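J.: Please find one structure pasted underneath; my questions will follow.
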There are 2 protein chains.
Amino acid sequence: MTSEPSGADEFETIARLLRPLARAPEALGLADDAAAIPSRPGQDLIVSKDAMVAGVHFLAGDPLDLVARKLLRTNLSDLAAKAAEPYGYFLAVAWPQGTGWAERERFAAGLAEDQGRFGLTLLGGDTVSTPGPLTLSATILGWTDSGAMIRRSAARPGDRVLVSGTIGDGWLGLKAARGELGGIIPREAAEWLAGRYRLPEPRLELREVLRARASAAADVSDGLIADAGHIARASGVRLRLDLGRLPVSEPASRWLDRQPDRGPALGALAAGGDDYEIVLTAAPAHARPLIAEAEAAGVALTEIGEAVDGEGTAILFEGRELALGRTGWRHS
Amino acid sequence: MTSEPSGADEFETIARLLRPLARAPEALGLADDAAAIPSRPGQDLIVSKDAMVAGVHFLAGDPLDLVARKLLRTNLSDLAAKAAEPYGYFLAVAWPQGTGWAERERFAAGLAEDQGRFGLTLLGGDTVSTPGPLTLSATILGWTDSGAMIRRSAARPGDRVLVSGTIGDGWLGLKAARGELGGIIPREAAEWLAGRYRLPEPRLELREVLRARASAAADVSDGLIADAGHIARASGVRLRLDLGRLPVSEPASRWLDRQPDRGPALGALAAGGDDYEIVLTAAPAHARPLIAEAEAAGVALTEIGEAVDGEGTAILFEGRELALGRTGWRHS
């Protein structure tokens, strides 16, 4: 790990806070410029890199332990969609000038908690200061058997489309965290949704069933419709999604009940981002076993549509196609 | 590659500007959430991650093609110090809101130029927007034979200390780029130094000789004295550096000639950062062959000190130890 010489804090941040998180021998105790990762014959290293900016991807006032955990979880969600086993991560942090020890410690505590929970080790990275907002990047590494990564590109016409968990909680959760749902739904419902936004649940329990039965998969980060669109584009098929089958949480259904027009409201949930569920396709014969095996692994899967010849996505409600003005929720 | 849904620009940036840089099959055309990198039996993957912030690590007005090339080169410098063969990189870019196409194209052109020059491929990453300054992170990957990475931790008492190229140009180059050397040295000298700051030269030609003969190595990013200190700490030895033997460029010597006190002035060059040279240690018998073989590879190596029992660094000039107030140049 190199350290930006912008003050003793960056060196001390590494020595005091980050080195304890780097226990694997290949991290070299963060005492080197690089990590050396031995090849694993018969396996592929699955690598994804995401960035998060305060005020864009999380609220500027969010507690930094939750921010750290969200950073790891959004990256873990990429591994989950690829059916990869979590291994380790590299971290880059640009701290706003003057970020104190208490905040840095809280950030490191969040990393420690979730890297323990999900079997990750810190492998290296960089810590610098910035005149701008807190800016984070993680490069996450996982392993699969050679050639076994689930891709976006192998959906086939006739495949069923399924999604894990519930959809729209991330989008509603951001509204809730901003205090925009007051008077619309009960406070406990809003708090639950805000928690879903702040601390997504990577669906790593789906790894085995994805490996066995999925043709394509992506995690729902940009929004279900946008991420289904990524699969459609990469696979050269059209995905038809039935909003009437969209799985929604109890708190989200409280919000839905207050909306004047259910179809477009479901469309907003399906276009919203930050759910970190998995959208996947599978041959028709696999759909029922998938649902049963995912349930046994503790994750609900719901069939919401199918792949057909064509391109892009078709969004249906009560048998009619909806034309949404925007196909994905935008942060800014 | 995932894309931050902060406007069509981020999707288009990937499609138009970044996809052409990702030609290796394992990048999956940036159409997936992750890259799948096949293991190479008998080899280790060497991974390093650095971050750069506008106004901290480069000047806010620097042309973005040079900024992109500096990002790759500072990361390549880590690979050079580890004697690793460059392979690929993951990129995270947080663009200031409103960054236009011309700037993004110039940035991508810089990436294209240097990834071609140094044999890299873009493998994935993330592109987002920020209300703050341009913030970049690259995760660079290289390969070595198993266990062959040159580490910081294997210097032994009696080893010689050598450094590549010339030292202090990065620190003086930043002054020059800021217009702080006007009237002190000729304009052409200042421009040459500013070029060294803006576009460092990763010493990849040293890979073979490092592999064959070095006991430890680090790249000079934080400053020669600080980076020698990293080797000393990781190896459990003391490094004695003789400032009288410091290799300095002709433009830097013009600056030196104008300084009232040569020892501390040399100390400032040795404490300054951003040289991206290599500081290394080697057993005494290897020192002369190292210099000859490096010269054959086109890189000057200069012996500047030795490793002894103890810890930390000792900075000598004309036989006496200098006590520097600061052991490393600070960006901020």
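J.: Here is a list of conditions, (1) more than 9 Å from every other protein chain (Cβ to nearest Cβ); (2) under 29 Å from B:D222 (Cα atoms); (3) surrounded by 23 or more Cβ atoms within 10 Å (Cβ to Cβ), and B:A22 meets all of them except one; can you say which number that is?
T.: (2)
J.: Continuing with this model, one more query. Does B:F118 satisfy being aromatic (F, W, Y) and more than 30 Å from B:S215 (Cβ to Cβ)?
T.: Spelling it out, it is not the case that B:F118 is aromatic (F, W, Y) and more than 30 Å from B:S215 (Cβ to Cβ).
J.: Could you tell me whether any residue of segment B:290-299 is crowded, with 18+ Cβ neighbours inside 10 Å, modelled with pLDDT of 95 or more, more than 14 Å from chain A (Cβ to nearest Cβ) and under 23 Å from B:K70 (Cα atoms)?
T.: The answer is yes, given that some residue of segment B:290-299 is crowded, with 18+ Cβ neighbours inside 10 Å, modelled with pLDDT of 95 or more, more than 14 Å from chain A (Cβ to nearest Cβ) and under 23 Å from B:K70 (Cα atoms).
J.: Could you identify the single residue in A:A36, A:A54, A:A68, A:A31 that is aliphatic (A, V, I, L, M) and away from chain B (no Cβ under 14 Å)?
T.: A:A68
J.: The conditions are (1) surrounded by fewer than 24 Cβ atoms within 10 Å (Cβ to Cβ); (2) under 20 Å from B:D227 (Cβ atoms); (3) not charged (D, E, K, R), and B:G55 fails exactly one of them. Which is it?
T.: Among (1) surrounded by fewer than 24 Cβ atoms within 10 Å (Cβ to Cβ); (2) under 20 Å from B:D227 (Cβ atoms); (3) not charged (D, E, K, R), the lone unmet condition for B:G55 is (2).
J.: So, one more: From the list A:L269, A:L246, pick out the single residue that is touching a strand residue (DSSP E or B) at 6+ places or on another chain (Cβ under 9 Å) and aliphatic (A, V, I, L, M).
T.: Matching residue, one of A:L269, A:L246: A:L246.
J.: Any idea which of (1) touching a residue at least 60 places away in the same chain (Cβ under 8 Å); (2) surrounded by 21 or more Cβ atoms within 10 Å (Cβ to Cβ); (3) within 18 Å of the chain's Cα centre (by Cα) is the one A:D227 doesn't satisfy?
T.: So A:D227 meets the others, but not (1).
J.: Shifting gears a bit: Please work out which one of (1) out of contact with any helix residue (DSSP H, G or I) (no Cβ under 7 Å at 6 or more places or on another chain); (2) surrounded by fewer than 24 Cβ atoms within 10 Å (Cβ to Cβ); (3) outside the structural domain of A:R238 (by TED's automatic domain parsing); (4) not in a loop (DSSP other than H, G, I, E, B) is the condition A:T99 fails and give its number.
T.: (4)
J.: Here is a follow-up. Within segment A:148-169, track down each residue that is among the small types (G, A, S) and out of contact with any Ser or Thr (no Cβ under 9 Å at 6 or more places or on another chain).
T.: A:A148, A:G158 - these are the residues of segment A:148-169 that are among the small types (G, A, S) and out of contact with any Ser or Thr (no Cβ under 9 Å at 6 or more places or on another chain).
J.: Just checking: which of the helices (runs of 4 or more DSSP H) contained wholly in segment B:115-213 hold 1 or more residues that are aromatic (F, W, Y) and out of contact with any strand residue (DSSP E or B) (no Cβ under 6 Å at 6 or more places or on another chain)?
T.: B:169-177, B:187-198
J.: State which residue is farthest from the chain's Cα centre (by Cα) when the search covers only segment B:122-136 and only residues that are facing chain A (nearest Cβ under 8 Å) and farther than 24 Å from B:D32 by Cα.
T.: B:P131
J.: Between B:D50, B:D62, which is under 25 Å from the mean Cα position of the chain (by Cα), assigned by TED's automatic domain parsing to the domain that holds B:G119 and surrounded by fewer than 24 Cβ atoms within 10 Å (Cβ to Cβ)?
T.: Just a single option satisfies the conditions, and that option is B:D62.
J.: Here's another thing I want to ask about it. Select from segment A:256-281 the residues that are out of contact with any Lys or Arg (no Cβ under 9 Å at 6 or more places or on another chain) and among the acidic types (D, E) and list them in ascending order.
T.: Selection gives A:D257, A:D261.
J.: So for segment A:253-274 (the condition being surrounded by fewer than 24 Cβ atoms within 10 Å (Cβ to Cβ), modelled with pLDDT of 95 or more, hydroxyl-bearing (S, T, Y) and over 15 Å from the mean Cα position of the chain (by Cα)), does at least one residue qualify?
T.: yes
J.: Let me ask something else about it. Would you mention how many residues in segment B:281-309 are more than 13 Å from B:L241 (Cβ to Cβ) and touching a residue at least 12 places away in the same chain (Cβ under 8 Å)?
T.: Total satisfying the criteria: 16.
J.: Quick one: which of A:R254, A:R262, A:R320, A:R240 is within 21 Å of A:G158 (Cβ to Cβ) and among the basic types (K, R)?
T.: A:R240
J.: Against the conditions (1) within 14 Å of another protein chain (Cβ to nearest Cβ); (2) assigned to a helix (DSSP H, G or I); (3) not aliphatic (A, V, I, L, M), where does B:S253 fall short? Just the number, please.
T.: The one condition B:S253 does not meet is (1).
Residues checked against (1) within 28 Å of A:A80 (Cβ to Cβ); (2) at pLDDT below 95:
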| site | (1), (2) |
| --- | --- |
| B:E12 | yes, yes |
| B:L18 | yes, yes |
| B:M52 | no, no |
| B:V67 | no, no |
| B:D78 | no, no |
| B:W101 | no, yes |
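J.: Now a separate question. I need a count of the residues in segment A:125-147 that are touching a helix residue (DSSP H, G or I) at 6+ places or on another chain (Cβ under 6 Å) and modelled with pLDDT under 95.
T.: Total satisfying the criteria: 1.
J.: Here are some residues: A:A228, A:A314. Which one is in the same structural domain as A:G195 (by TED's automatic domain parsing), under 22 Å from A:R152 (Cα atoms) and in contact with a Ser or Thr (Cβ under 8 Å, 6 or more places away or on another chain)?
T.: The match here is A:A228.
J.: Just checking, which of A:P186, A:P157 is surrounded by fewer than 22 Cβ atoms within 10 Å (Cβ to Cβ), touching a Pro at 6+ places or on another chain (Cβ under 9 Å) and in contact (Cβ under 8 Å) with a residue 12 or more places away in the chain?
T.: On inspection, the qualifying residue turns out to be A:P186.
J.: Just the residues that are in contact (Cβ under 8 Å) with a residue 40 or more places away in the chain, over 21 Å from B:M149 (Cβ atoms) and not β-branched (V, I, T), please, taken from segment A:10-20.
T.: Passing the criteria: A:E10, A:L17, A:P20.
J.: Turning to a different aspect of this structure: Being among the charged types (D, E, K, R) and either at positive phi or at the interface with another protein chain (Cβ under 9 Å from one of its Cβ atoms) (or both) narrows it down to one of B:R152, B:R196, so name that one.
T.: Going through B:R152, B:R196 in turn, the sole match is B:R152.
J.: Consider segment A:77-94. How many of its residues are acidic (D, E) and either at the interface with chain B (Cβ under 9 Å from one of its Cβ atoms) or under 14 Å from A:R152 (Cβ atoms) (or both)?
T.: 1
J.: Something else: For A:A218, state whether it is in contact with a His (Cβ under 9 Å, 6 or more places away or on another chain), surrounded by fewer than 20 Cβ atoms within 10 Å (Cβ to Cβ) and either over 22 Å from A:R288 (Cα atoms) or modelled with pLDDT of 95 or more (or both).
T.: No: the conditions fail for A:A218.
J.: Also, quick follow-up: Can you name every residue in segment A:137-152 that is within 16 Å of the chain's Cα centre (by Cα) and of a type in the set (S, T, Y)?
T.: Residues satisfying the conditions are A:S137, A:T139.
J.: If only one of A:A92, A:A68 is part of a strand (DSSP E or B) and in contact (Cβ under 8 Å) with a residue 12 or more places away in the chain, which one is it?
T.: A:A92
J.: Considering every residue within segment A:318-326, establish whether at least one is buried (at least 20 other Cβ atoms within 10 Å of the Cβ) and either under 22 Å from A:P200 (Cβ atoms) or within 11 Å of another protein chain (Cβ to nearest Cβ) (or both).
T.: no
The values are calculated or read from the model by the stated rules, or taken from the named source; none is laboratory data. What you are looking at is a predicted structure, and each value in this text was computed from that prediction instead of being measured. Virtual Cβ from ideal backbone geometry, glycine too; neighbours counted across all protein chains shown.
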